[in-house]
Structure formats: C-alpha cells, structure tokens
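The values are calculated or read from the model by the stated rules, or taken from the named source; none is laboratory data. All values derive from a computational prediction rather than experimental measurement. Ideal geometry is used to build each Cβ from the backbone, glycine not excepted, and the neighbour counts take in all protein chains shown. To get the accessible areas, we keep the full protein, side chains included, count just its heavy atoms, and leave off ligands, DNA and RNA. Shrake-Rupley method; radii C 1.70, N 1.55, O 1.52, S 1.80 Å.
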Amino acid sequence: MKFLNHLTLGQYIPADSPVHRLDPRCKILSVVLLLAGIFMMKHPVAFIAWGIFLLFLSRFSRIPFRVVIQGARPVIILVLFTAGIHLFLTRGITLWEWGPLSVTKEGVGMAFRMGLRLSFLVLFAGFLTLTTSPMELSDGLESLFRPFQRFGFPAHEMAMMMTIALRFIPTLFDETDRILRAQLARGADLDHGGILRRMKAFIPVLVPLFVIVFQRAEDLAQAMEARCYRGGTGRSRMNPLRWKRTDTFAMAGTLVIVAIFVLMDLGA
Amino acid sequence: MFALRGVSFTYPGAVTPALGGVELSIRNGEWVALIGANGSGKSTLAKLFNALLIPTRGDCLVCGLKTDNEDNLWEIRRRVSMVFQNPDNQIVASVVEEDVAFGPENLGLPSSEIHERVFDCLCLVGLEEKRRAPTYALSGGQKQRLAIAGALAMQPRCLVLDEATAMLDPQGREDVLKILRDLHKRGMTLVQITHRLDEILDATRVVVLGKGKIAWAGDLAGLFAMRDCFNEWGLEMPPLVRFSRKLQERNLLPKACLPFVKELLENLCP
Ligand SMILES: Nc1ncnc2c1ncn2[C@@H]1O[C@H](COP(=O)(O)OP(=O)(O)OP(=O)(O)O)[C@@H](O)[C@H]1O
Ligand SMILES: [Mg+2]
C-alpha cells in the first residue's frame, strides 16, 4: 500500500504550509530559477549560502529535513559516479597516482563542485514534488505550456496523459501480478537460467499485459467520450489555479535570492 | 426519451450485423430492463442510446435529437449517461472527488457548481466520506458506485447501465440496486442491462434481445409467463419462479407468481 501510495501520489506530503499553498505555476517557475542559479554556483561560500537556504526552505514548508534528504537517495549513485569521473579525469597538478589513475588538485575541486551541484539540484527540485500534488503539478504545467499550444504543442493532452498514467499505474501492477501468478501456476519458470532464458520466460507475461492495456485504453476512451470529454477546449476545472499576491511575492523573493547568490559567487 | 426506428448496426469489418431492424421506444421515467444471451447485441444497443455508436441503417432519436448529427452529440451525452461493466476502465482520476468532477469539468461548468454537484452525487451513492481517498483503494462495489456518481454528476435524464453489477458481490449489487430504486423514484429514466433476472424485479418493462433483434417486450408478469422461450433466449428462470410453477402444477398454488417471496407467501397461505 505504501509503495502504491508512493507511485500514485508521487512524493507529495500533504501539509498546511505557505509553500504548499503557493500556486503550482509559481513553484515550477521558482524551481527553474533556483536550478539555473545552482548551475552557476562555484565558490565554497555560495555552497554554504545555498545550504542555509535549503534548511530555511525545509523549515518553511514544514517538510522535515530528513524527508528532503530521503527523497534524494535514489540519485546518490549518480552523484558519486559524476564526482568520481571528475575526480579521476580532470587534468592538472597531480596529487596522487596509481597506475593509469591519477587524482589532481583541480579534480578534487571539480568532484566536490559537481557532486554538490547535482545534490543541490535534486534536493531543491524535490521541494516541488514534496509540496505539490500530482494533480496540481499537471494543472500547473498545462497552464504554463498553454501559450505554446498555438504552435501545436499538446499542453492539455500532456496533462491529461499524466493524470491517466498516474491513475492506471496501480491497476497495471495488479494486472501484472495476476498474469504472473497465472503463468506461474501453469508451470512457467521465471527465475532460473540465464538472463536470456529468463527474458524469454517473461514473454507470456508481457503479451497478455499488452492486450489488456489496449483493451482498457479503448474502454477508457469510450467512457471518457460518454462523459462528454472532447479535449481541452471548453473544459473548466473544479479547483482552478489562482495566482495570488503571495505568489508574486514568492516569485520576486526567489528572483532576488538567486540574483544575490549568483552575484556573490561572481564577486568572490 | 428514446425512439429507434428500424435500427441496424454492423461493426466495421464484421459480416453479420450486431443489430438488425430494431424498433423500440422508451418513455421518460421508465425503468427498462434489457436482457438477452451473450452476444445478442445488448451492449451495442446501449451504445446507440448514447451516440457512442451511430446506426448503420435507421434512425435513433434521443429526446428528439438524431444521433447521427455531430452537432447533437454534446446534448445527447449530457442527457444520457452510461455506466459500464468494469468500473476500473471508467475511472479517470486518482482521487475520488476529482473523478466525479471529470464530467462537469468537460461541460465547462463554474467551479462552485462543480463542487456542489460532486458533493451531492457522492452523498447520493454514499461515498461522501471517501471523497479525498485514492480511487485504487476503493472496493469493487465502491468503485462502481463512484462510476455511478460520475455519471450522475452530468445531471442526465437517463442512466444506461451495461451490466454494472456483473463484477459485484451480493452486497455491492444490492447497494447499486438501492441507488437505482432511488433514482427511479425521482423520475430518472433507467435502462438496465443484466444477465440476472433477480435484478430486474423493479423494472417497469422488460425487453429481450436475441441475435440482434427484439425477441420479446412486455412487463414482468408477461416475461415469466413465457417460460417456453427462456431456453431459446439463453436465459434462466429464477429458482423462485420455477418453484412456484412446480407448486402450481401440483395444485398447491392457485397461480404461478413472480419471483417475490412476499407474493409467493401470500398465494400460499392467503
Ligand atoms: N468492437 C466490436 N467489433 C466487432 N464486432 C463486435 C464488437 N463488439 C461486439 N461485436 C459483436 O457484436 C455482437 C453483439 O455484441 P454485444 O457486445 O452487443 O453483445 P452483448 O449482448 O452485450 O453480449 P454480452 O452479454 O457478452 O455483453 C456480437 O456478435 C459480437 O461479437
Ligand atoms: Mg455486453
């Protein structure tokens, strides 16, 4: 159940905080600004400043810092890998050598910088999904991309796809489980032999799954049509997005903070 | 409400028509039970009512609007809502109230009215406490009630249920039937498709489909008097009716009766 919750609701943690109450569009744009700022971060002082800001944000959105860190756990390997590559592959003054591997002074600096940048990117982006429900998120994205609809960008379709995908993930898990058990009951051997044999054994699971998915998609399309769905035109929302004055303030605040951080970095 | 004149329908690519020359009219406020064997064309007929399918021959009129006119689709679908067999394939959103809101949102209604409709419909099907629950965590019966709420949120004049109780347990089925009785009392037109004859006891009219044609139409008492045809129609007499017939044959009962326990008792010991 917890696993399914995670899949359907993403990382969203409902709470009553000023950050939760912000318009999703404001949060998406702010995160884009923050990420751009983090990309430019170089100086150690800047890292400390961003770190303090991160703590402040965690406090402000009533998300325990522990939870923020947990959300970034899946990318630790990526962070370590990136740092490692920079550690060994940056040329400069050699500090230590072992066979073909060498660690340079510049390499150490780069490894730290890239590792921290990547971690900060993930941590800050995490706040968006922690404080915004998937529904709000897709509404926000749809609204932000709507101007591009004139050039043929399918903003509404994209949002609707996101909604339906989230809705059907648990159903598909159930379905896969059911087929798997049916095939196992018929003597399918799914966990012996080499990788090729195992992959072949999964074909009888995948084929019915695809058939079921297409059948469901057709049924769903018909059910949506029966409920007067005809795309994004003329559609309203139960909870329409409303840009409030606090959103403007938050946006301006983010802009100022990012500008200060970047200027500080350039000056130092 | 509905008027079908000489309606035939052939699925694209199919050789034999799924429906051939159906003549049927349904008045406002009727509760019509549509029964018949597998593949007799019940679902096809249901989809014609909602303009999900357009007759290949003949006319289908819904509230006087012809379904083959693209401009009428919108009006027709707001007046006729459908509930399908598998609730999992008709729930669109991850959260209960957002799913009920889907239809009204498509109609472009203002936010306040959507909130009102969502709450009313959830109360009607007894799901108001679940309104913030994730839809995957509902039971089968609750899911089907949610699907009904979603259909009712369109404020239709007619509800078409295509085997809406087929996947439910007895309790879930009774819950749905209770909602239907409630709706019928409020004047909603109902078209109920089912395989189970014990579910149609509230219907005001019964239509039997066989091989794409209307094999028989009439009221409940008439239906159970047609016992010789049941095999041909692919239907099964409810045990209670069979029992009352056996009693009648042995002169223990003055007349055969409908599958109501109360009626049987009254006839047995007047
Ligand atoms: N999408 C389709 N394409 C082609 N033929 C179809 C399609 N759907 C149904 N049919 C055919 O049309 C006929 C009537 O089918 P329909 O689904 O209306 O029957 P039904 O009475 O609803 O049966 P059931 O009790 O199984 O639901 C059947 O012979 C069926 O094979
Ligand atoms: Mg059917």
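Summary table
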{"item": "Output for the range B:28-59, where each listed residue is near ligand 1 (Cβ under 8 Å from one of its atoms) and in a loop (DSSP other than H, G, I, E, B)", "result": "B:Ala37, B:Asn38, B:Gly39, B:Ser40, B:Gly41"}
{"item": "Members of the range B:1-35 found to be away from ligand 2 (no atom under 14 Å from the Cβ), closer than 17 Å to B:Thr204 by Cα and among the β-branched types (Val, Ile, Thr), listed by number", "result": "B:Ile26, B:Val32"}
{"item": "Candidates B:Asn89, B:Asn106, B:Asn38 - the one that is within 11 Å of chain A (Cβ to nearest Cβ) and within 16 Å of ligand 2 (Cβ to nearest atom)", "result": "B:Asn89"}
{"item": "Filter result for the condition that a residue is buried (at least 21 other Cβ atoms within 10 Å of the Cβ) and in the same structural domain as B:Gly172 (by TED's automatic domain parsing), over B:Val15, B:Val32, B:Val96, B:Val100", "result": "B:Val32"}
{"item": "Residue list for the range B:8-27, restricted to those being within 18 Å of B:Leu52 (Cβ to Cβ), in contact with a strand residue (DSSP E or B) (Cβ under 6 Å, 6 or more places away or on another chain) and within 13 Å of ligand 1 (Cβ to nearest atom)", "result": "B:Ser8, B:Phe9, B:Pro17, B:Ala18, B:Leu19, B:Val22"}
{"item": "Given (1) within 11 Å of chain A (Cβ to nearest Cβ); (2) out of contact with any Phe, Trp or Tyr (no Cβ under 7 Å at 6 or more places or on another chain), number of the condition B:Leu53 does not satisfy", "result": "(2)"}
{"item": "Answer residue from the range B:158-177, given it is open to solvent by 60 Å² or more (accessible area, probe 1.4 Å) and in a helix (DSSP H, G or I) and is farthest from ligand 2 (Cβ to nearest atom) among those", "result": "B:Gln171"}
{"item": "Test result for B:Ser25, at pLDDT 90 or above and surrounded by fewer than 15 Cβ atoms within 10 Å (Cβ to Cβ)", "result": "yes"}
{"item": "Flag for B:Pro134 being touching a Lys or Arg at 6+ places or on another chain (Cβ under 6 Å) and open to solvent by 10 Å² or more (accessible area, probe 1.4 Å)", "result": "no"}
{"item": "Matching residues, the range A:218-244, being at pLDDT 90 or above, closer than 21 Å to A:Pro154 by Cβ and more than 7 Å from chain B (Cβ to nearest Cβ)", "result": "A:Glu218, A:Ala221, A:Leu241"}
{"item": "Residues satisfying the stated conditions in the range A:183-227, i.e. open to solvent by less than 100 Å² (accessible area, probe 1.4 Å) and among the basic types (Lys, Arg)", "result": "A:Arg216, A:Arg227"}
{"item": "Per-region count, the range B:44-69, residues within 16 Å of ligand 2 (Cβ to nearest atom) and over 18 Å from A:Ala221 (Cα atoms)", "result": "1"}
{"item": "Yes/no for A:Arg73 being modelled with pLDDT of 90 or more, charged (D, E, K, R), within 30 Å of A:Ala250 (Cα to Cα) and under 27 Å from the mean Cα position of the chain (by Cα)", "result": "no"}
{"item": "Residue match in the range A:245-260 (condition: surrounded by 12 or more Cβ atoms within 10 Å (Cβ to Cβ), modelled with pLDDT of 90 or more and among the basic types (Lys, Arg))", "result": "no"}
